[in-house]
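Student: Encoded as C-alpha cells, here's the structure I'll be asking about.
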Amino acid sequence: MPPPKDVVKIAIQMVGAIPQLIELQQTKPLASVLKDVCDAWSLPNAERYALQYADGRQTYITESNRRDIKNGSILRLTTSPDQEAERLYLGIQSKNVDVKTDSLKKLASLSQDVTFAQEFISRNGLKQIYSIVEEGNDTGEMLAHTLKAFTELMEHDFVSWENLSTVFIKKIVSYVNMNAVDASIQQLSLSILENMVPTSRLLFELVKKEVTLDRLLTHLQATNAELQLKAMALLIALLLSATDAERRDMMDYLREKNLRQFIHKNIIHSSEPLGDEMAHYLYVLQSVSLNLCEHRMKTSMDPYSQEQRDLLQSLRETAFESESEVPSGSFSTERRRSLCAKEFRKLGFVNNSNPSEDLRRAPPGLLALDNMVYFSRNTPNAYSRFVLENSSREDKHECPFARSSIQLTLILCEILHIGEPCSETAQAFYPMFFGQDHFFEELFCICIQLVNKTWKEMRATQEDFNKVMQVVREQITRTLSLKPTSLELFKTRVNTLNYSEILKLRQTERLHQEETLAVPVLELREKLKPELLELIRQQRLLHLCEGTLFRKISSRRRQDKLWYCRLSPNHKVLHYGDVEEGVQSPPIESLPEKIPVVDMKMLLVGKECPHTKEKSSGKQNKDVLELAFSIVHDMEEYCLNFIAPTRYEFCLWTDGLNVLLGKEMTSERTQTDLDVLLSMELKLRLLDLENISIPDTPPPVPKPPSNLNFCYDFSHAEQ
C-alpha cells in the first residue's frame, strides 16, 4: 500500500552516527521534526541544527521548500543557517590567514543557498566582503573565494547593485585591467561587472569609462576560453545598455580594431566547439550591428535635403557619365530637366520626374538609397552594366534597378530581422557576417545582381515584378539556411540556385502535396496514422530517456547554471539535478531529484507557467515564453519549471510529457514528423503505381462469370 501523500520516507545522516530512517510527516512543524531527530542522537539544543540535502547543491530544508522532499531522499543534520552564518561572519574577520581563507571558501559554497544568504546578509556580512576587497592587496586564492561568495550573494537580489561604493567597483575594475593576475579572478571580476552594467546608467558609465574596449579586446584574444566568454559577456552588456549614439561609436571603434575578423578566425573557426553561451553572444553582436541600420531604414527621404539629393544625383551621373559630360549651357533648363527625368526612368525609378518620391516609403527609407550608392561606388562596372544593359532592352523587359533595389532592401531587412529586439535565448547567427566589415551592403551588392540574373531567366516584364522578387526572396532564404561561412560561398550557392532549380523544388513540393489529396490516398493515410503516431510516441519517450541539458534563466540575466532532466528506462520516474558546464549526458544515478510519473498531474506551457508569471514585472521576452513549460505534481501544489534550449527540444519534451500523462501530442513538430512519415510510407506503398493516375472512386466490381469452368486441368498436360 503506498504511503499517504503527506508522508515521505527519508534517511538522515550525521557525521559519526548511524543514519536514521524516518517517515517525515509533512504536516508536522519542522522544529518538532528536528527535535525528534536530535533526541534520537541525544543532541541538546535542537534549534541550533537544520536539515539539508546530502547531495547536489546541499540546500537547507525550510518550511517553504520542505514539500520538494521526495521519497528516498537523503538528508544531513548540520549546523543551522543562522549559526553557520554567524560562524563564517566571524571567520572572515579572523587575523589567521588559513582560518580566513577556509571561511571564505565555505562562504562561497553556502552562499548559493537562499536561506543562508539571507542570514549572512542580515548580519551585514556584505560589508565585510567589501572591506576585504577594498582594503586587501591579495590576488590569490583568498580573493577568488571572496569574489565568488560576493557573486553568489548578489545573485539572490536582496541587495541592489547601486549600493556598491565607487572604491569597490574600481577595485574590481583594477583586477580586469591587471596583467599579472590569476585568470579565475579576472573571470569573476568580468562577471561582476557584467551583472552591474544593466542595473543603472551611472554604473554603466563608470564601467564603460574604467574598462576600455581595448582591454576587453585583449581578454577576447586570450587562449583561456572561459575568460574569452566572460569578456564577450561584458562587451555585450555594455552594447545593450548604451544609447544609440554610444552604441554606434563603440561598433565603429570595434570595426577599426578588426573585431569581426578576429571572431571569424579565432572563435567561429576555432578548433574548440562553439558553446551555447558564446553562440548567443555572437547572435546578439550580429543583431546589434545590423540594427545600426534601423535609423536609416525608418527615415524617409527629405526632398529638401541637399546631401540626399546629391546622393540621388550621383546615381544618375555614375550610370550616364558620358551623357552628363555635355556642358550644361548647351541645353535649356526644360531640356535638361527632361534629360534628367529620362535618365532616372532608365535607372528604374517609378516617379522619374521626382525620384525622391520613390524613397519616401519607410522602411526601407534611406537605407535603400545608401545601398544603391554603395553598389555604384564600390562595384561601378557591375552597376553600369546593370543599368545600361536594361536601358537598352525593350521597355517591357527591362529590369528596373531603383525599384528592385528598394524592394530588395526591404526583403533583406525582413530576412535579417533589422529593427527587431534581440532574443534572450537565440543562438542563430550567420558565420559569414563576421567575415566582412560592410556585411549588409556587400550582401545587397550580390543580391541585386541576382535580381537581374533571375529577371532574365524568368524573361520577366514589369507586370512580373512581384513574382521575380518572391523568387529572389526564396533564393536568399534557402541559401542562408545552409549557413555559408563566407560571402563568396553565399554568392556561389545563391547563383547556383537559379530559377530552374527553384521551379524544380516548387514542383517537387507541389507534387508531394497533390499526390496526398486523392480520396483513396487520404483513406490510406487515415489507416496508417495510428501506427505512425505510436512510432512518434516511442521516439518522444526515447528522447526523454536520453535526457536534455536545461539552462536556468532569470529575468535579470542569462544564467551559467545548468541542470539535467531525463526519464527512467521504465518510464516511471523523472530524474533531474544540477550539473556542471561541459557535462553532456550524466548517468541517471547522479541526478538526485525525482518525480514519479504517477504524481504528475498536468503540463503547463507559455504564459500559464508559474516561472513566467513571476517574471512578468521585468522585461518579458516572447522567445522565453515560447520555450517555457512546467510539470504540475503533488496535487497541483508544486511545479518543476523548464525553459527549453530550442523550439525543437520544447516540442519533443511537451509531446513526451503529454504521452506520459495519457494525452494527445499537440506540438507542431508532431504534425511535421507525422507528415514526413506518412509521405515516406505512402511513397513506398505507391511505388508500383508510379505514373498511373489513381481514380477518386474505386472501379466497379465485375459481375460473376456465367460458369466457373475456366480452371486449367494439369492432368492432361502431364499425359
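The values are calculated or read from the model by the stated rules, or taken from the named source; none is laboratory data. The shown structure was predicted, so the numbers you read here are calculated from the model rather than taken from an experiment. Every residue, glycine as well, gets a Cβ built from its backbone with ideal geometry; the counts of neighbours run over all protein chains shown. For accessibility, only protein heavy atoms count, side chains too; no ligands or nucleic acids. Shrake-Rupley method; radii C 1.70, N 1.55, O 1.52, S 1.80 Å.
Student: From 476, 446, grab the single residue that is open to solvent by less than 20 Å² (accessible area, probe 1.4 Å) and closer than 21 Å to residue 417 by Cβ. Even if it seems obvious, please write down each step before you answer.
Tutor: On the way: 446 fails: open to solvent by less than 20 Å² (accessible area, probe 1.4 Å).
Exactly one residue qualifies, and that residue is 476.
Student: List the number of the failed condition for residue 5; all other conditions in (1) open to solvent by 70 Å² or more (accessible area, probe 1.4 Å); (2) modelled with pLDDT of 90 or more hold.
Tutor: So residue 5 meets the others, but not (2).
Student: Look through the range 479-513, keep the residues that are part of a helix (DSSP H, G or I) and either in contact (Cβ under 8 Å) with a residue 60 or more places away in the chain or touching a Pro at 6+ places or on another chain (Cβ under 7 Å) (or both), and return whichever of them is surrounded by the most Cβ atoms within 10 Å (Cβ to Cβ). Can you show your working first?
Tutor: Here is the first cut: in the range 479-513, the residues part of a helix (DSSP H, G or I) are 479-480, 487-496, 499-513.
Now restrict to residues that are either in contact (Cβ under 8 Å) with a residue 60 or more places away in the chain or touching a Pro at 6+ places or on another chain (Cβ under 7 Å) (or both): 480, 490, 493, 512.
Values: 480: 17, 490: 22, 493: 15, 512: 13.
Checking each candidate, the answer is 490.
Student: What number of residues in the range 115-142 are part of a helix (DSSP H, G or I) and more than 17 Å from residue 60 (Cβ to Cβ)? Before you say what the answer is, go through the steps one by one.
Tutor: Narrowing the range 115-142 to residues part of a helix (DSSP H, G or I): 115-122, 125-135, 141-142.
Then keep just the ones that are more than 17 Å from residue 60 (Cβ to Cβ); that gives 126-135, 141-142.
Selection size over the range 115-142: 12.
Student: Would you mind finding the one in 403, 377, 361, 393 that is more than 31 Å from the chain's Cα centre (by Cα), closer than 13 Å to residue 451 by Cα and of a type outside the set (S, T, N, Q)?
Tutor: On the way: 377 fails: closer than 13 Å to residue 451 by Cα; 361 fails: closer than 13 Å to residue 451 by Cα; 393 fails: closer than 13 Å to residue 451 by Cα.
When all the criteria are applied, what remains is 403.
Student: Please specify each residue of the range 13-38 satisfying the condition of being open to solvent by less than 70 Å² (accessible area, probe 1.4 Å) and aliphatic (A, V, I, L, M).
Tutor: Listed by number, the residues that qualify are 14, 17, 22, 24, 30, 33, 34, 37.
Student: Looking at the structure I just gave you, is residue 47 closer than 12 Å to residue 116 by Cβ and among the acidic types (Asp, Glu)? Break it down into steps so the answer makes sense when it comes.
Tutor: Values: closer than 12 Å to residue 116 by Cβ: no; among the acidic types (Asp, Glu): yes.
Spelling it out, it is not the case that residue 47 is closer than 12 Å to residue 116 by Cβ and among the acidic types (Asp, Glu).
Student: Could I ask something else about it? Six or more apart or on different chains, Cβ under 7 Å: which pairs go from a residue in the range 137-162 that's open to solvent by 50 Å² or more (accessible area, probe 1.4 Å) to one that's among the aromatic types (Phe, Trp, Tyr)? Could you list them?
Tutor: Going by the 7 Å Cβ cut-off, there are no qualifying pairs.
Student: Another question, if that's okay. Any residue at all in the range 57-75 that is in contact (Cβ under 8 Å) with a residue 12 or more places away in the chain and over 39 Å from the mean Cα position of the chain (by Cα)?
Tutor: The initial filter retains those residues of the range 57-75 that are in contact (Cβ under 8 Å) with a residue 12 or more places away in the chain, namely 57-63, 66-75.
From the residues that got through so far, the ones that are over 39 Å from the mean Cα position of the chain (by Cα) too are none.
No.
Student: While we're on this one: Are any of the residues in the range 438-461 assigned to a loop (DSSP other than H, G, I, E, B), farther than 30 Å from residue 279 by Cβ, outside the structural domain of residue 261 (by the TED database) and not hydroxyl-bearing (Ser, Thr, Tyr)? Give the steps one after another, and end with the answer.
Tutor: Just the residues of the range 438-461 that are assigned to a loop (DSSP other than H, G, I, E, B), to begin with: 438, 459-461.
Keeping just the survivors that are farther than 30 Å from residue 279 by Cβ gives 459-461.
Right, trim to outside the structural domain of residue 261 (by the TED database) and you get 459-461.
Next, from what is left, pick out any that are not hydroxyl-bearing (Ser, Thr, Tyr): 459-460.
Checked against the condition, which is being assigned to a loop (DSSP other than H, G, I, E, B), farther than 30 Å from residue 279 by Cβ, outside the structural domain of residue 261 (by the TED database) and not hydroxyl-bearing (Ser, Thr, Tyr), the range 438-461 yields at least one hit.
Student: Taking residue 87, is it assigned by the TED database to the domain that holds residue 17 and basic (Lys, Arg)?
Tutor: Working: assigned by the TED database to the domain that holds residue 17: no; basic (Lys, Arg): yes.
No, not satisfied.
Student: Test of understanding: among 542, 562, 528, 535, which residue is part of a helix (DSSP H, G or I) and open to solvent by less than 70 Å² (accessible area, probe 1.4 Å)?
Tutor: That would be 528, the only listed residue that is part of a helix (DSSP H, G or I) and open to solvent by less than 70 Å² (accessible area, probe 1.4 Å).
Student: Can I ask one more? Scan the range 143-151 and give yes if some residue there is assigned to a loop (DSSP other than H, G, I, E, B) and at negative phi, otherwise no. Steps first, answer last, please.
Tutor: First, the residues of the range 143-151 that are assigned to a loop (DSSP other than H, G, I, E, B): none.
No; the residues of the range 143-151 include none that is assigned to a loop (DSSP other than H, G, I, E, B) and at negative phi.
Student: What number of residues within the range 333-360 are touching a Ser or Thr at 6+ places or on another chain (Cβ under 7 Å) and part of a loop (DSSP other than H, G, I, E, B)?
Tutor: 2
Student: Now for a different question. Please work out if residue 316 is surrounded by fewer than 17 Cβ atoms within 10 Å (Cβ to Cβ), in contact with a Pro (Cβ under 9 Å, 6 or more places away or on another chain) and either in contact (Cβ under 8 Å) with a residue 60 or more places away in the chain or not assigned by the TED database to the domain that holds residue 219 (or both).
Tutor: Details: surrounded by fewer than 17 Cβ atoms within 10 Å (Cβ to Cβ): no; in contact with a Pro (Cβ under 9 Å, 6 or more places away or on another chain): yes; either in contact (Cβ under 8 Å) with a residue 60 or more places away in the chain or not assigned by the TED database to the domain that holds residue 219 (or both): yes.
It is false that residue 316 is surrounded by fewer than 17 Cβ atoms within 10 Å (Cβ to Cβ), in contact with a Pro (Cβ under 9 Å, 6 or more places away or on another chain) and either in contact (Cβ under 8 Å) with a residue 60 or more places away in the chain or not assigned by the TED database to the domain that holds residue 219 (or both).
Student: Go through the range 61-76 and report how many residues are surrounded by 21 or more Cβ atoms within 10 Å (Cβ to Cβ) and part of a strand (DSSP E or B).
Tutor: 1
Student: All but one of (1) under 30 Å from residue 601 (Cβ atoms); (2) of a type outside the set (Ser, Thr, Tyr); (3) touching a residue at least 24 places away in the same chain (Cβ under 8 Å) hold for residue 83, so report the exception by its number.
Tutor: Here residue 83 meets the rest and fails (1).
Student: So, in the range 238-256, of the ones that are touching a residue at least 24 places away in the same chain (Cβ under 8 Å) and more than 19 Å from residue 210 (Cβ to Cβ), which residue ends up surrounded by the fewest Cβ atoms within 10 Å (Cβ to Cβ)?
Tutor: 244
Student: Tell me which residues, restricted to the range 79-90, are surrounded by fewer than 20 Cβ atoms within 10 Å (Cβ to Cβ) and either under 41 Å from the mean Cα position of the chain (by Cα) or in a helix (DSSP H, G or I) (or both).
Tutor: Going residue by residue through the range 79-90, those that are surrounded by fewer than 20 Cβ atoms within 10 Å (Cβ to Cβ) are 79, 82-83, 86-87, 89-90.
Residues satisfying the conditions are 82, 83, 86, 87, 89, 90.
Student: Continuing with the same structure: Please tell me if residue 112 is touching a residue at least 12 places away in the same chain (Cβ under 8 Å) and not in a helix (DSSP H, G or I). Give the derivation first.
Tutor: Values: touching a residue at least 12 places away in the same chain (Cβ under 8 Å): yes; not in a helix (DSSP H, G or I): yes.
For residue 112, the condition - touching a residue at least 12 places away in the same chain (Cβ under 8 Å) and not in a helix (DSSP H, G or I) - is met.
Student: Any residue at all in the range 451-465 that is within 33 Å of the chain's Cα centre (by Cα), surrounded by 12 or more Cβ atoms within 10 Å (Cβ to Cβ) and not hydroxyl-bearing (Ser, Thr, Tyr)? Steps first, please.
Tutor: Quick first cut of the range 451-465, residues within 33 Å of the chain's Cα centre (by Cα) only: 451.
Filter again for surrounded by 12 or more Cβ atoms within 10 Å (Cβ to Cβ), leaving 451.
Adding the requirement that they be not hydroxyl-bearing (Ser, Thr, Tyr) leaves 451.
The answer is yes, given that some residue of the range 451-465 is within 33 Å of the chain's Cα centre (by Cα), surrounded by 12 or more Cβ atoms within 10 Å (Cβ to Cβ) and not hydroxyl-bearing (Ser, Thr, Tyr).
Student: Here's a check for you: in the range 547-557, which residue that is open to solvent by 30 Å² or more (accessible area, probe 1.4 Å) and touching a strand residue (DSSP E or B) at 6+ places or on another chain (Cβ under 9 Å) is modelled with the lowest pLDDT? Spell out how you get there, then give the answer.
Tutor: Going through the range 547-557, the residues open to solvent by 30 Å² or more (accessible area, probe 1.4 Å) turn out to be 549, 551-552, 554-557.
Narrowing further to those that are touching a strand residue (DSSP E or B) at 6+ places or on another chain (Cβ under 9 Å): 549, 551-552.
Numbers: 549: 90, 551: 82, 552: 77.
My answer is 552.
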